[in-house]
Each structure stands twice: as structure tokens, then as C-alpha cells.
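Let me begin by presenting the structure, written as C-alpha cells, before commenting on it.
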């Protein structure tokens, strides 16, 4: 279609040029027009023609996506962009569209400047995009502007052979044999959170805000896991905590700037929120660069082995990156390592802390489920303070609660792709350059997959999945395929250790009902705005 537009505009330009040559021919009463003026005039005409075609002709009459179902209430230039920013939730209006067209493989909508965009809905469409053709898609520019400063150039923004090679090096760090060794660290941090809850009960009449302590403690765990550097405990903030607080919980004006920056690059503007954001990101990079340089120097001199203890081997992911990349002859630079560390740090604490907070919120809303989980935890522990991996894994209800929380409140709100070439998905040709939104809520809340009670929290549904819900692609919290989240086993283990500690020491009651919790929007994480509160009561059980 672009060829047709260019050819048509070129021919029209030549025709106009010829006619203008006649019109502006020198005469007794008409001066000669300068060539520069003619060129600018023709350029303006061609620009208007191309833009008119792209905005008002191609999307409505020629796009191969026009047969897909989708909303018609878009702005004539902004598409659905403004509606999403003002919806109050990063998952809206997408979940509303799924309820309206639950049987669709994909839903077509207009984005900024009437550009085509597609919401991926069906499990089969997810399979074709994320597995069969995963490297036929890349990340769009607006997504790069939105999250690149936070996650760096790690696995998220790598494609093709580069992605395969880097993932191969990194996958060993999240092997189950390594993760099992983290259980004592996770239990130690869970105890710290419980102590923080216990202190808060006396000063806040039992009402605690879950997000701040959980965000700090999960950052402590992932930092120790990735960097091998313990951060401060809950009673003393560190630069890392302050930085991530600035990045993930901006003011309303900061959210507006983030939204605008996704469409038009404005992070360079020297305004208050931009300066705070850019300063936090620069400080984060400087801190990580210092740690990475020390670790690389230690490994080069074998100082790290002599100081690490435990047989002379460090267990953190950064050390494994340095060692394994070097063993494979890759010699990653600082920016490569910073990108991977940023990705693990952001994904490994923010999504986990929010998932745990939502789980406690639902247990407070459903006290019968909370009592059953407490009973299961006490039975599995058998009176012991700490638990073995096998005992944790055998907790069936806890596993169901984990999956159900991620189904109804998936911490990662969306991932996005852009077609690198024309490609057919579920019988529809997706033109090169089309943006695709992959949102867990599109499948998780689909009534055709999960039934008429899809939006309800029901952990027991996992005991008898049927039909589409039983298919692996119906659960998309961590995506899937070669680009699926490598840290999902880590997140699952940390969630379970924390929840076991909480229900053994406290009974939680609801403060905010379902649907009453405001959300940060726009956001790549389903984060409660201002935190998430519950009423906590001590119980006299070990």
C-alpha cells in the first residue's frame, strides 16, 4: 500500500508541477516563481496527500485488519490513547473489549494518529505470536521510551540470535537447584516483614499499608540474589529503595509526563518530575556500574573466590553472568550487564511485591480461604519454624492461590510487540509495523475461557480446569515460549515463602473492598495507587 501511495503522490506531483509550470510561466503581468518556493509548495501537497491517506483512507478502507472486531468510539486523531490514559486502570478499556468480543482471536483498535493496533485475545493467537513466530516481532518505539530507562537493554529489548545467546547464559542462574538455596534468605526477609507488621499494629490501630514494606523487602531479596550485596533492612532506607520509589510511584504530573513521553519523547525537558526521574535513573546506573566493575575486577584477580566463602564460590547472578559469559567467549561489556541487572531488579521485586500484596488483600476479603491456607501451612510446617522445599511445593491450596491471584490481578499489565514483517496470525495478515498488545487480562478475564465467573477470585477453580482454561496458553502471566519470563520459578518460590510466614503469624481483615482500590495508570505493573491497606491481627500460633 505504501508503494501505491508513493507512486500516486509522485505522479500527482509531476502533474501539478507541469500545470504549475504553465500557471507560473513568466508573462507581462506575472513574475517568475522561485524554484525553492515551487519545491516547498509541491512538498506540502504531497505531505497532505500522504497524511490524508494514512489517517483517513487506509485505516478504514484498505487495512487488512479492518475485518477484525473492535471499538468504534475512538478519537479521530488520538485513537484510543486518551481514553486509556483517563480510564483509571492500565487494563482498561481492553478488558471491556474482551467482554464484548470474547470469541475473537484479536481485537483491532486505533492508536495515536489512527495507527493500527491489535489486542491479542485467544490462547491460539498468543501461541502463534509468542512461540511459533516469536522472533518475527520486535518492540515498538513507544514501549522503548516508556520502560527502557527502567529495565535497560537486557533480554526485553534483544531480538533473534542475540536474545537466544544471552538467555542461554542467564537461564542457568534461575535453575531450581540454585533457587532452593535461597529459601533461608527468603525466610529471613519474611521474618523482617512480619516484625514490621507487628510494629505497625501498635501504632496504626492494626491497619497496615502492604506496599511499602513488601516493595522494600522484595528489593532486598532480589538485590542479594542478583548482586550478592545485601541492602539495608526495613528500618533504614537505601538509595536503591529511594530510587525505585521515585521510578515506580510518581506523582500525578509524573504519570502525565510518562504517558506523553510514550507518544512524544519529552524526557529531555528540564521540568521537576523529569529531573527527579532522570536523576534517579542516573544514580541507579552509577550504583550498578560501581558494583559490576568491582565484581569483574574480583573475578579477574580471583579475589572474589577467596573472599566468597562457601567453597570459594559466589552464588549471586552477577557473578554467574561474569563467569559464564567469559567462559563462552562473549566478554559482555558494562552496558550489557547493567541491562540484565536492571531487568532482574525491576521485574524481580516490583511484580513480586504487588502479587503478594494482592494475595493478602484477597485473603482478607475471603476469610474462609485464609483459614484454610493457615491450616495447610501449619500442617505442612509440622511445628518447624523453617520449611523444606518439598513441603512448600506440596501445599496445593497455596499453589492455587498463587495462580488465581496472577489470573485476576496479573502484576505485569502488558507486553507489546511490533510486526517486523507482514505475517499471518489466525488467518489475518498483520502488516509490518503494526503494534500488538499482549495483556494477561485479555485471556485471564475472558468469560468464554474461564466461565461467567471469570472476574471472581476462586482458587478452587484450578482443581478442575476444563476446555480452553486447561490449555497452557490460557494462563499468560509470564508470557510463554522463548521470550517467557526466566524468573517465574523464583517469583513463585518467594511468594510462597512470604505467604506461609504471614498466615502463620497474622489474621487479615479487609479495609478496602473489591473494586475500591485505585490503580497507578499508566503503568506496566498493576500497582495500587497510594498502597494497599488491610487490618492485621496477631495470632498465637508459631
Counting only residues that are farther than 15 Å from residue 505 by Cα, under 31 Å from the mean Cα position of the chain (by Cα) and at pLDDT 95 or above, the stretch 368-408 contains a total of 15
Is there a residue being closer than 25 Å to residue 390 by Cα, surrounded by 15 or more Cβ atoms within 10 Å (Cβ to Cβ) and either outside the structural domain of residue 283 (by TED's automatic domain parsing) or touching a helix residue (DSSP H, G or I) at 6+ places or on another chain (Cβ under 9 Å) (or both) anywhere in the stretch 153-163?
no
Could you tell me which of the residues 378, 373, 365 is within 21 Å of residue 527 (Cα to Cα) and either surrounded by fewer than 20 Cβ atoms within 10 Å (Cβ to Cβ) or in the same structural domain as residue 223 (by TED's automatic domain parsing) (or both)?
365
How many residues are farther than 14 Å from residue 392 by Cα and either over 19 Å from the mean Cα position of the chain (by Cα) or part of a strand (DSSP E or B) (or both) if we restrict to the stretch 465-501?
10
If you scan the stretch 192-213, which residues turn out to be touching a helix residue (DSSP H, G or I) at 6+ places or on another chain (Cβ under 6 Å) and not in a helix (DSSP H, G or I)?
208, 210
Would you confirm, using the coordinates I've provided, whether residue 223 is part of a loop (DSSP other than H, G, I, E, B) and at pLDDT below 90?
no
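The values are calculated or read from the model by the stated rules, or taken from the named source; none is laboratory data. As the structure is a computational prediction, the values presented were derived from the model and not from experiment. Neighbour counts are summed over all protein chains in view; Cβ atoms, including those assigned to glycine, are modelled from backbone coordinates with ideal geometry.
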